[in-house]
Every structure is written in structure tokens, then in C-alpha cells.
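The values are calculated or read from the model by the stated rules, or taken from the named source; none is laboratory data. Note that the structure is a prediction, hence the values are computed from the model and not measured. Every residue, glycine as well, gets a Cβ built from its backbone with ideal geometry; the counts of neighbours run over all protein chains shown.
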């Protein structure tokens, strides 16, 4: 029961962050929600070293692949991210591709061969991911974990997918969560009760094939 409650909380966090980010990019219609004005830092040095990196991720240029385990249902999902600065990015979660280009956005079903001119994060809700999981989404849940930690955090430096990553493990009630981020910003690992996200490859260049549409 506790694991399911945690999973629901995580999904809410990820979706809220994604809606805010996409709204700022003009990918939703109607009145735009605003981002919460929370603190940029947590007050914990180990947490803040990871947050500093995650907060730069939305402005980075890179291509990356991930393997994601959604523990509820033991669902394994391949994920690809390609981003060119803050205006252009592609996030492919399973067979769903989210495309952002300036103020426009699209969601494509690669299996059905169709696209819509909106960002529909509900299509990947079974994975507990949203299009900003590697940046804003991860930073949002790390900030929340830092606020509810039950003990001292543990800092570490690891080599993940051939690149140095800064990590922090946050003790929580009955569990702990580990976050790692590359120096260039993107999430490199998240190991929590609901999700395991592992970076499997990274490049400082953009893979243009990630921006192709099936139509």
C-alpha cells in the first residue's frame, strides 16, 4: 500500500512539472498555469550539487538513451531524448514521441503512425514518466525528497554511460532514493521505490533522427 501511495505521489509530481514546462512553451491551449516559486536550493550541499546540474538540463544540447523500470507492473521502457538548447527537443518514451519546437509541440504514436499538435503526457502514464523526467521532473521530486528526508544525505561521484555523474542518496521513511546527474545537466540515474531510470548512452550532439515524424 505504501509503495502504491508513493508511486501515485511521484506520478503527480512528474505530471505537474511537465504541464508547467509545456505550458511555458505554448504547447497547451487555454489559460497557462505558472511555475511554483520554490527555493532554487535545498540547503543540503549534496542535494544542491545534483540540483544545480538538473536545473541546467533544459538548456543543454545532447542526445541520450535510457532504460526505465516502472516497478508497479515491472514495466521496462526504452527512452530516447534529443535536445538542442531550450527551444527544440524530442522525447521518445516507448512508442510515443513528444516533439517541442519553439512555441509548438506535438505528440506522435510511432506504431500507429499518427501525430497530434498537442502534448499528451497521459499516453505514457503507465510508465510514471513525463516528457521532462530527465530535468524539471527529476528536480521537482528531488526537492520534495530533500524536504522530507529522515537523515543525512550521502554524496557520491560515479561514471555512468562513460561520463562523470554527481549523485546523492536521500534517506526517506522506510526507503531511500538516489539521484545522479551529468555535469552537462541531464539525469543519469534515479533509483527509487517506484522507478529505476538508467542512462545507457550520452552524446553532446543532437541526433536528428529523433525528430522525425511517422507521418
Open item on the list: For the condition farther than 18 Å from residue 138 by Cβ and buried (at least 19 other Cβ atoms within 10 Å of the Cβ), what is the one hit in 76, 99?
Closed with: 99
Open item on the list: Going by what's in this entry, would residue 115 be described as buried (at least 20 other Cβ atoms within 10 Å of the Cβ) and in contact with a strand residue (DSSP E or B) (Cβ under 9 Å, 6 or more places away or on another chain)?
Closed with: no
- [ ] Give the residues of segment 140-180 that are closer than 18 Å to residue 68 by Cβ and part of a helix (DSSP H, G or I), sorted by residue number.
- [x] 140, 141, 142
- [ ] Filter segment 73-84 down to the residues that are modelled with pLDDT of 95 or more and more than 14 Å from the chain's Cα centre (by Cα), then identify the one that is nearest to residue 202 (Cα to Cα).
- [x] 84
Open item on the list: Which count do you get for residues in segment 171-188 that are over 23 Å from residue 88 (Cα atoms) and crowded, with 20+ Cβ neighbours inside 10 Å?
Closed with: 3
TODO: Filter segment 129-139 for residues that are in a loop (DSSP other than H, G, I, E, B) and either out of contact with any helix residue (DSSP H, G or I) (no Cβ under 8 Å at 6 or more places or on another chain) or at pLDDT 95 or above (or both) and give the result.
DONE: 129, 131, 132, 133, 134, 135
Task: Residue that is nearest to the chain's Cα centre (by Cα), among those in segment 102-126 that are free of Cβ contacts under 8 Å to residues at least 24 places away in the same chain and in a strand (DSSP E or B) - done: 107
